[in-house]
Amino acid sequence: EASVLLSGFQDSYSVREKELGFHATGSLRPSKELQGTIGVSLVTSDTKDREYDLNRTYFSLQPEVNYKWNKYQFTAGAVIVADNDSLAERKSDFRLFPVLKSTYQVKEDLSIFASISGKVDRATYRSFVAENPFLGPSEQLLNTVTKLSFEAGVESVVSDKLFYRAGIDLRRQSNLHFYVNSAADTSRFELVYDEKATVFRVNSSVELILSDKYSVNTHAEVIHYGLETQQEAWHRPTWLVRMNHRMVPTKKLILQANLQAMGGLKARGIGGLYTLPVQVEVIKLPVLLDLHLHVDYALTSRLTVFANGHNLLNRSNSRWMNYPVRGTQGLGGLSFKF
């Protein structure tokens with residue numbers, strides 16, 4: 001498989017960004033127990049902002065071998081990355097991360113898994129704006145480097161109607177990015193990075209399928225940040241919960257109700273506290289709670305009427321400080337399949 005990336009981005013300030021990339025993957029299965037895969041990516045970008053004019057390159061090679069033996073499944077491989085970013089003292093870098101994964105089928109309805117790996121997440125101005133559309137001019141664009149990632153957990157098929165997954169995730173990362181309100185213009189955001197962050201997550205997911213007419217998915221996550229150069233994990237949640245209900249009363253009618261909650265968000269104020277060392281003001285944002293409803297009704301096999309309702313609880317949620325979302329919103333329309 002192969003794909004080509006070609007994109008362009010600009011904003012109302014001075015950012016201009018162009019990307020050209022190529023990605024390909026291949027696999028070989030000499031037997032039922034053994035499979036090998038390899039992925040390669042090469043992306044170049046040209047980004048201009050008020051503070052810089054950058055030509056950035058990202059290359060990655062990911063070979064893996066997967067072997068299945070009785071109740072065990074093993075994966076061994078590597079992630080090889082060569083990239084450059086806007087650090088003046090580092091024009092390019094070469095990194096090698098091992099990839100080791102293992103799954104053990106304890107019994108038919110229960111398995112445990114563990115993995116050790118690392119990677120480099122490519123970041124562009126366009127990807128940052130996709131997260132935070134209120135981003136203003138920035139001073140640096142840095143890729144996030146996960147030097148070590150350890151995951152472990154359990155998956156269980158309690159019955160043909162109930163599925164469960166729980167796990168932990170520990171990561172040592174550099175250049176972990178955060179968004180803070182600019183002191184020059186608090187309506188805009190700027191990027192800041194932590195040079196040596198430790199992120200620990202505990203997560204759990206449950207899927208319940210009562211019948212073809214009703215199912216529910218839930219996901220909960222608790223996150224702890226250990227930071228070296230940033231005072232807080234600015235605008236990143238410390239916990240989140242998602243719940244999705246899907247109902248099919250008739251063959252033509254589909255109802256989906258989604259509830260999302262997120263908390264622990266903190267924003268950086270423009271004031272300082274007279275402490276040693278000097279600390280900036282921390283503003284705690286209220287819990288975000290959003291109820292979303294989606295309805296589809298099939299008039300024919302090709303024509304469907306739909307309606308969406310957002311923020312049905314009419315809460316003044318603020319994912320980004322100074323930008324509360326709108327109240328209850330509705331959208332309706334038609335979709336047609338050719």
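The values are calculated or read from the model by the stated rules, or taken from the named source; none is laboratory data. Please read all numbers here as calculations on a predicted model, not as lab measurements. Cβ sites come from the backbone with ideal geometry, for glycine too, and all protein chains shown count toward neighbours. Quick note on the areas: whole protein, heavy atoms, side chains included, nothing else; ligands and nucleic acids left out. Shrake-Rupley method; radii C 1.70, N 1.55, O 1.52, S 1.80 Å.
Here are some notes:
- Cα→Cβ-extended label distance, 7 Å offset, between Ser211 and Lys71, nm: 3.7 nm
- Sum of side-chain charges, Thr146 neighbourhood, beta-carbon under 11 Å (Lys, Arg +1; Asp, Glu -1): +3
- Calculated FRET value between Ser102 and Leu6, using beta carbons and R₀ = 41 Å, to 0.05: 0.60
- Legend: residues Ser205, Ser111, sorted from most to least accessible area (1.4 Å probe; ligands, DNA and RNA excluded), read Ser205, Ser111.
- Farthest towards the positive end of the charge dipole of region 76-211, among the residues Val154, Ser115, Leu176, is the Cα of Ser115, using unit charges on the Cβ of Lys, Arg, Asp and Glu.
- Alpha carbon Rg of region 123-177, scaled by the compact-globule rule 2.2 N^0.38 Å: 1.77
- Taking a straight line from the alpha carbon of Lys337, these lysines sit under 24 Å away, with near neighbours fewer than eight places off in the same chain left out: Lys213, Lys251, Lys252.
- Farthest toward positive dipole pole in the chain [+1 Lys/Arg, -1 Asp/Glu at C-beta], among Leu34, Ala197, Leu255: Leu255
- Largest to smallest accessible area among Thr328, Thr238 [probe 1.4 Å]: Thr328, Thr238
- Region 1-117 pair-distance distribution - Cα-Cα, 10 Å bins, rounded %: 12, 29, 26, 18, 11, 3
- Accessible area of Ile116 (1.4 Å probe, protein heavy atoms only, ligands and nucleic acids ignored): about 70 Å².
- Linear extension gain, His224 paired with Leu42, 0.36 nm per residue minus alpha-carbon span: 62.2 nm
- Structure remark: mean-square fluctuation, Gaussian network model of the chain, C-alpha springs under 10 Å; the largest value among Asp290, Asp194, Asp53 belongs to Asp53.
- Dipole in debye (nearest 20) - region 56-128, about Cα centre, beta carbon charges: Lys, Arg +1; Asp, Glu -1: 60 debye
- Net dipole in debye of region 1-94 [+1 Lys, Arg Cβ; -1 Asp, Glu Cβ; about Cα centre; nearest 20]: 520 debye
- Computed over region 178-284, Kirkwood Rh from alpha-carbon pairs, angstrom: 16.9 Å
- Sparse packing (at most 15 other Cβ atoms within 10 Å of the Cβ) combined with a DSSP loop state is found for the following trypsin sites (Lys or Arg not before Pro) in region 39-74: Arg50, Lys71.
- Whole-number D in µm² s⁻¹ for the chain, Kirkwood Cα-pair radius fed into Stokes-Einstein, 10 °C, 1.306 mPa s: 68 µm²/s
- Taking 17 Å as the straight-line reach from the Cα of Lys32, the lysines in range (excluding those fewer than 8 positions away in the same chain) are Lys68, Lys71.
- Positive-end residue, the chain charge dipole about Cα centroid, Cβ charges, pick of Thr328, Val129, Ser3: Thr328
- If the chain linking Glu281 and Val202 were pulled fully straight, counting 0.36 nm for each residue of separation and taking away their Cα-Cα distance, it would gain 25.6 nm.
- Under 18 Å of direct C-alpha separation, and excluding same-chain neighbours fewer than eight residues apart, Lys107 reaches these aspartates and glutamates: Glu155, Asp160.
- The chain - charge dipole about Cα centre, Lys and Arg +1 at Cβ, Asp and Glu -1, debye rounded to 20: 920 debye
- Rounded, prolate or oblate (a/c below 1.5 giving rounded, otherwise prolate when a/b exceeds b/c) for region 150-200 by Cα gyration tensor: oblate
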